[in-house]
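Engineer: Just passing along the structure, written as structure tokens.
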Amino acid sequence: MTRRAVTQQYPDTQPELPPRTRGVIGLLEENCTVCMLCARECPDWCIYIDSHKETIPAATPGGRERSRNVLDRFAIDFSLCMYCGICVEVCPFDALFWSPEFEYAETDIRDLTHERDRLREWMWTVPAPPALDPGAEEPKEVAAARKTAEKLAARRQAEQAGPREGEA
């Protein structure tokens, strides 16, 4: 109240946004397993996913063939999206992320449907996650993996340090 209001002249002066601002959703295509959770949970039904099954030959002789889903189309219609973030939260494989980019206006509403190539471009603007609390306990998965790695390293050292054949 005691200071004058300062109006930022938007196109000339970019606003200072918080680092975790919700702007647009980015897609990390490698992590997408086409589980369709994001499309099913979206209250606006603005996510469109198409896929097909691909057969993978057996890795070992006598093994059986496997099949996996291959992503053909992943699109988000931002003219329908209400930016609730449910799709980002329900993704079990961390394929969707919030990008702070907000300048993606179009002159035609039909151009607001962003296909997977455009969604991938937004991934480069996603900020790194915040650092973990140094006082927090280590996640159980990380602790178990570390213990297993330590056991393997100790076993390898014991095998290398033990008596070798022919030496007595």
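The values are calculated or read from the model by the stated rules, or taken from the named source; none is laboratory data. If you're wondering where the values come from, they're calculated on a predicted model, not measured in any experiment. Cβ coordinates were reconstructed from backbone atoms using ideal geometry, including for glycine residues, and neighbour counts include every protein chain displayed. Note: areas computed on protein heavy atoms with side chains; ligands, DNA, RNA excluded. Shrake-Rupley method; radii C 1.70, N 1.55, O 1.52, S 1.80 Å.
Engineer: Please report, as a whole percent, how much of the solvent-accessible surface of the range 29-168 comes from carbon and sulfur atoms (probe radius 1.4 Å).
Structural biologist: 53 percent
Engineer: Within 10 Å of each candidate Cβ there may be at most 13 other Cβ atoms; applying that plus a DSSP loop requirement, which GluC sites (Glu not before Pro) in the range 1-58 survive?
Structural biologist: GLU16
Engineer: Right, here's the next one. With no solvent and one point on each alpha carbon, what is the Debye value of log10 I(q)/I(0) for the range 85-168 at q = 0.12 Å⁻¹?
Structural biologist: Log10 I(q)/I(0), no solvent term: -0.67.
Engineer: So what are the chain's ellipsoid semi-axes, whole angstrom, largest first, if each one is the square root of 5 times an eigenvalue of the alpha-carbon gyration tensor?
Structural biologist: Its equivalent ellipsoid spans semi-axes of 45, 28, 14 Å.
Engineer: In whole Å, what is the distance between the alpha-carbon centres of the range 25-44 and the range 63-142?
Structural biologist: 7 Å
Engineer: Given a 1.4 Å probe, how much area per residue of the chain is accessible, in Å²?
Structural biologist: Accessible area per residue, the chain: 78 Å².
Engineer: Sticking with this one: With the chain treated as a Gaussian network of Cα nodes joined by springs under 10 Å, which of ALA105, ALA153, ALA75 yields the largest mean-square fluctuation?
Structural biologist: ALA153
Engineer: Within 10 Å, at most 15 other Cβ atoms, and a DSSP state outside H, G, I, E, B define an exposed site. Report the longest part of the chain free of exposed chymotrypsin sites (Phe, Trp or Tyr not before Pro).
Structural biologist: 105-168
Engineer: Something else: For the chain, what does -39500 (n - 2.57) per DSSP helix run (n ≥ 4), summed and divided by total residues, give at 222 nm, in deg cm²/dmol to the nearest 500?
Structural biologist: -7000 deg cm²/dmol
Engineer: Let me ask something else. Restricting attention to the range 66-163, which GluC sites (Glu not before Pro) occupy a DSSP loop and are surrounded by at most 13 other Cβ atoms within 10 Å?
Structural biologist: GLU103, GLU106, GLU115, GLU137
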